Amino acid sequence: MKKTIHWAEPDIRPEDVEAVKQAVESGWVGGGGPILKEFESKFAQRVQARHAIAVNNGTSALIAGCMALMPENDNLRVAVPSLTFIASVNAPFLFTRDINLVDCDVKSFNIDVSNIKKDRNLIIPVDIGGAPCNYDHIKSLGIPILEDAAEALGSEYKQRPIGSLSDITIFSLHAAKIITSGEGGMMTTNSDELAIKLRSIINQGFVGNRQPWEYKHDQIGLNFRMTEMQAALGLSQLKRLDEYLWHRLALYNLYHEILGDYVEGYQQCPIDCKNSNFLFPILVPVKKQAHMVKRLWEIDGIETKINFKPVHLQEPFYYTHGSIPLPNSEYIFRRVITLPISNKTTEDEVQFIAERVLYHLKKINKDGVVI
């Protein structure tokens, strides 16, 4: 039987299991415990932010970020890239229908700021695959920034860690991400005011200075709290972040060495930025894409993905946004294949994957026919 190579797989080690076990045995299994506070503190230090606020998942972080940055008149007008995981759009859609789905830059895959409508009062840039957006350009717009860095923990923009640049930055700690707490997310900010607001929003709008016996709420909030067990796993994983980043860089370099110029293209990260390498996307001819994904799975047991179908082509948004031409997003979507690159992917597996990619590229002709 052929071995299955998963697209992503969490690296759970004995020390992670022990950390979660100790959290359970402590008796504090809900939110707001001492392990969670340590996790937030260590996370904030790592990304050089004043505050880190843990939540139950990355989508909750996006929702809380939208609530915290909501204008006083509640008239939210958002710009967000169409080439992204749909959560980046689902979150603001809870509060507004005035969403400007923006095309991407065909080289970086990230949002093309020149296409943003002039009347926006919130931008949600997405660091696709861990490659940072152009934050100098984004900041020049002079509007609040809710950065979706779900895939970018460990990335840097001009030697500044992602998580320290925007009004609010959100990270995902999903099982497939660079570090995981099973599910989970993190928000970072340098604003004391926003940090207080975010902590209230994720805890049913409770005021921060209430007595333990009081039920006082000064704003609308929800329950987005992270549990102590999730925090224990996340804190244990955070200790290995540098190890994971170096491992992914080695895999990234090996893929490039083997695939070279045989593929149609790669995502490009500016030379003065650092990519976490959460994704390894390649571009292949349009008529080969579907065959490649299917053959790699059915013949070789290699799981790949097409990240991402643009939001303006997704069913919930197609009737309102589908007629808007976003050619770069569609160009990438119809050619991209993301190959396995995770904390548990080995160099031998990358060697095998890359060789099979080259094999199938040759076996499928320019008309998409297997020869």
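Each value in this text was obtained by applying a stated rule to the coordinates, not by laboratory testing. It should be emphasised that the depicted structure is a prediction, and the values quoted were computed from it without experimental measurement. Every residue, glycine among them, receives a Cβ derived from its backbone with ideal geometry; neighbour counts consider all protein chains shown.
With +1 on each Lys and Arg Cβ and -1 on each Asp and Glu Cβ, and nothing else charged, work out how big the dipole of the stretch 88-152 is about its Cα centre, in Debye to the nearest 20.
On the way: 6 positive and 10 negative charges, 48 e Å.
My answer is approximately 240 debye.
Between the stretch 17-44 and the stretch 337-358, what is the C-alpha centre distance in whole Å?
Computed from Cα coordinates, the inter-centre distance equals 34 Å.
Compute the orientation-averaged projected area for the stretch 13-120 from the convex hull of its Cα atoms and round it to one decimal in nm².
That works out to 10.0 nm², a quarter of the Cα hull's surface.
For a Förster distance of 35 Å, can you work out the FRET efficiency between the beta-carbons of TRP246 and ASN223, rounded to the nearest 0.05?
Efficiency for this residue pair is about 0.40.
Provide the packing ranking of 158-165, 191-198, i.e. peptides ordered by the mean count of other C-beta atoms within 10 Å per residue, highest first. Write down the numbers at each step before the final one.
On the way: 158-165: 19.6, 191-198: 17.6.
The peptides rank, most packed first, as 158-165, 191-198.
Which one, SER191, ASN253, HIS360, is farthest towards the positive end of the dipole of the chain when Lys and Arg carry +1 and Asp and Glu -1 on their Cβ?
HIS360
I want to check the label-to-label distance for GLU257 and ASN75. Put each point 7 Å from Cα in the C-beta direction and report it in nm to one decimal.
5.8
For the stretch 1-66, evaluate the Debye formula with one uniform point scatterer on each Cα (no solvent term) and list log10 I(q)/I(0) at q = 0.11, 0.19 Å⁻¹, rounded to two decimals.
The calculated log intensity ratios at q = 0.11, 0.19 Å⁻¹ are -0.42, -0.99.
Along the Cα-to-C-beta direction of THR4, a point sits 7 Å from the Cα; which residues of the stretch 267-281 have their amide N less than 19 Å from that point?
Taking a point 7 Å out along Cα→Cβ of THR4, no residue of the stretch 267-281 has its backbone N under 19 Å.
Say R0 is 35 Å: what FRET efficiency, to the nearest 0.05, do GLU298 and ARG13 get from their beta-carbon distance? All intermediate terms of the calculation are to be shown ahead of the outcome.
Numbers: r = 32 Å, r/R0 = 0.92.
Working from the Cβ atoms, E equals 0.65.
Return one quarter of the surface area of the convex hull spanned by the alpha-carbon atoms of the chain, equal to its mean projected area, in nm².
Working: hull surface 78.9 nm².
Mean projected area of the Cα convex hull: 19.7 nm².
What list of ³J(HN,Hα) values in whole Hz, one per residue of the stretch 4-14 in order, does the Karplus curve 6.51 cos²θ - 1.76 cosθ + 1.60 (θ = phi - 60°) give from phi, with Gly and Pro shown as x?
Each residue of the stretch 4-14 in turn: 8, 9, 6, 5, 8, 8, x, 9, 9, 10, x Hz.
If you project the alpha carbons of the stretch 241-363 onto their three principal axes, what span does each projection cover, largest first, in Å?
Dimensions of the stretch 241-363 along the principal axes of its Cα atoms: 45, 38, 24 Å.
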